[in-house]
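Encoded as structure tokens, the structure appears first; notes follow it.
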């Protein structure tokens, strides 16, 4: 399901550029100016995360795909600038397709790290003349759940290939998760009020604990593709 939804988002990004004939672009620019002139816009967001971890403990991990959904309120300051607050549920983590317990181990596992957050971004938007809007700001994430799952891929004579088990990682993940957010959005020319967005999220702070009192130097990285819809403007 995630793969199909991700493919749909990518096709919409590409299609919006391919279909942007001069007349259509003009109409979407007029629509963007109309929204920019309103003092307040409400909307909803839905998309896909591509997330991983890097640092002292987790290195060489692949990306995990997960959903992100939420809502936003945007307040216009002038024709160029606006401030946006959001509340999102974000499914993040990482994946290791060649995990071993030790160098001597012959068993190879697929390791999935799943971390879910409730996030509150505070963003500043800047509208360019070419109808692209740049976004930047900070967000605070609150941990909802965290777990690790393992699937045996091969190399072991004592276990059957397949799902091995999972364990709760809640105590390994910090409760609060501050990140920096940078991104851009573009209104889709074939649907009024619908925008395609791309964002990068990372943190200079550790979000994984080595034990109850020490961090292990691990940082998150998230690439996010979403669609947002302006539900109401005032």
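The values are calculated or read from the model by the stated rules, or taken from the named source; none is laboratory data. Quick caveat: nothing in here was measured; it's all calculated off a predicted structure. Because the Cβ atoms are built from the backbone with ideal geometry, glycine has one as well, and the counts that use them run over all protein chains shown.
Of the residues making up the range 101-158, those that are in a loop (DSSP other than H, G, I, E, B) and modelled with pLDDT under 80 are 101, 102, 103, 104, 105, 106, 107, 155, 156, 157, 158.
For (1) modelled with pLDDT under 95; (2) assigned to a strand (DSSP E or B); (3) within 30 Å of residue 107 (Cα to Cα), each residue gets a yes or a no:
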site	(1), (2), (3)
160	yes, no, yes
164	yes, yes, yes
198	no, yes, no
219	yes, yes, yes
223	no, yes, no
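Among all positions in the range 171-183, there is no residue which is loosely packed, with under 13 Cβ neighbours inside 10 Å, out of contact with any strand residue (DSSP E or B) (no Cβ under 6 Å at 6 or more places or on another chain), under 16 Å from residue 96 (Cα atoms) and modelled with pLDDT under 85. Only residues that are under 19 Å from residue 146 (Cα atoms), in a strand (DSSP E or B) and within 13 Å of the chain's Cα centre (by Cα) were counted across the range 54-91, and they come to 10.
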